[in-house]
1. So for each of 67-79, 92-104, 151-163 I average, over its residues, the number of other beta carbons within 10 Å; can you give me the resulting order with the highest mean first?
2. Please work out the C-alpha center-to-center distance from region 119-155 to region 83-107 and express it in whole Å.
3. Which value does Rg/Rh take for region 38-175 over its C-alpha atoms, Rh per Kirkwood?
4. Once label points are set 7 Å from the Cα along Cα→Cβ at both residue 37 and residue 170, what is their separation, rounded to one decimal in nm?
5. What is the fewest-to-most order of 115, 136 by other Cβ atoms lying within 10 Å of their Cβ?
6. What ranking of 141, 176 emerges when the number of other C-beta atoms within 10 Å of each C-beta is taken as an exposure proxy, fewest first?
7. At residue 56 and residue 163, where each label point lies 7 Å from the Cα along Cα→Cβ, what is the point-to-point distance in nanometres?
């Protein structure tokens, strides 16, 4: 144990010709890799396509939930009564409004903190459920600051709750009625 020395305490060794860390011997393949810019499809078209499909599936889910006609599932409902699809607009507008507000809270705060992030990518879901699995944003670099991490993380819930959920709850309470009160 007396012969053990930490690497910093050892004398420098001259490796001579076999030095793997000699930067003069690096091949061009070892140069730092600069990633290519994201394509227009992934930056703009993919988020738009996913949002349109998610709007359709949430409209479908809302219309399927309020449907009173006999059907054998959501696909049968869509093929038999496509004209009733827009009966799901209150559900779709409320759900997507909260989801869009939440995700853009994260997006705008990431822009404020200069962290490159994609537009929200909405994930369509089955109409038997609610028509969506939510949304994500892709961050193209790590968040190196705790304050930025906290701000970006908390911005979505605050935006979704304070800006939209409370007014939607108040409107729903105002428009609802109870026969027993």
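Bear in mind that the values in this text are calculations on the coordinates, not laboratory data. Note that the coordinates shown come from a computational prediction; the quantities given were computed from them, not determined experimentally. Here the Cβ is made from the backbone with ideal geometry for all residues, glycine too, and neighbour counts use every protein chain on show.
1. On the way: 67-79: 12.5, 92-104: 19.2, 151-163: 17.1.
The most tightly packed comes first, giving 92-104, 151-163, 67-79.
2. Region 119-155 and region 83-107 have Cα centres separated by 15 Å.
3. Working: Rg = 17.3 Å, Rh = 16.4 Å.
Across region 38-175, the Cα-based Rg/Rh ratio is 1.06.
4. Distance between label points: 4.4 nm.
5. Working: 115 18, 136 13.
Least to most surrounded, the residues fall as 136, 115.
6. Working: 141 10, 176 7.
Listed from fewest to most nearby Cβ atoms, that is 176, 141.
7. In this crude label model, residue 56 to residue 163 measures out at 2.8 nm.
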